[in-house]
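Chemist: Have a look at this one before I ask anything.
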Amino acid sequence: MVVVRRTLVIGIALTLAACSGGTIERLDDRRQTWAERGPQSYRYQLTVDCYCPEEVRGPFRVTVHSGEVAGVVRTSSPADAVAIVDFLDPTIEGLYALIEANADADFIDVTYDGQLGYPVSIILDPSADNFDDELSVSIRNLKSTEG
């Protein structure tokens with residue numbers, strides 16, 4: 001009886017682990033969904049929260065045309081948005097690259113859009129031992145600008 005219960009508990013634990021999947025496994029699936037369904041030209045609101053210069057934090061209105069950044073406008077004061085492009089690539093593919101580059105972070109939590117697969121929330125803590133290295137990125141109101 002004890003062996004059966006342990007086997008059942010181990011089986012449930014393995015099943016739950018398989019369902020949740022790792023960050024990279026989900027990333028690959030979501031990236032594929034975006035490649036199949038996502039527009040090449042779009043705009044969205046980007047918010048970055050970090051211990052970094054104010055001009056890097058958002059919100060920003062990002063416009064992407066044919067997969068390339070066409071414009072970034074900070075929607076609050078100060079209006080300087082140049083620094084965000086130096087800080088990260090705000091295309092959806094660039095955000096996938098950010099997730100991939102931080103796959104071995106001490107903490108990473110990514111939420112994806114259920115239909116198009118793009119990340120709607122990225123929370124990173126590269127090293128739990130270091131202060132002020134956390135990063136939070138959120139994407140809202142993504143709209144296709146095609147057609």
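Please treat every number below as a calculation from the coordinates, not as lab data. Predicted model, so just to flag it, every value in this text is computed and none were measured. FYI the Cβ positions are ideal-geometry reconstructions off the backbone, even for glycines, and counts take in every protein chain you see.
Chemist: Out of all Cα-Cα pairs in segment 22-144, roughly what percent, to the nearest whole number, are more than 21 Å apart?
Modeler: 36
Chemist: Then there's this: Want the number for ASP29 to VAL69: 0.36 nm per residue separation, take away the alpha-carbon distance, what's left?
Modeler: Stretched fully, the ASP29-VAL69 segment lengthens by 12.0 nm.
Chemist: If I model a spin label as a point 7 Å beyond the Cα along the Cα-Cβ vector, how far apart are those points for SER76 and ALA101 in nm?
Modeler: 2.4
Chemist: In segment 21-74, what is the volume of the convex hull around the alpha carbon atoms, normalised per residue and reported in Å³?
Modeler: Hull volume over Cα atoms, normalised by residue count, gives 104 Å³.
Chemist: I'd like the chymotrypsin sites (Phe, Trp or Tyr not before Pro) in segment 54-133 restricted to DSSP loop residues with at most 15 other Cβ atoms within 10 Å, sorted by number.
Modeler: Sparse-neighbourhood loop chymotrypsin sites (Phe, Trp or Tyr not before Pro): PHE131.
Chemist: So how far apart, in nm, are the two label points at ASN141 and SER121 if each is 7 Å from Cα heading toward Cβ?
Modeler: Spacing of the two 7 Å Cα→Cβ label points: 1.9 nm.
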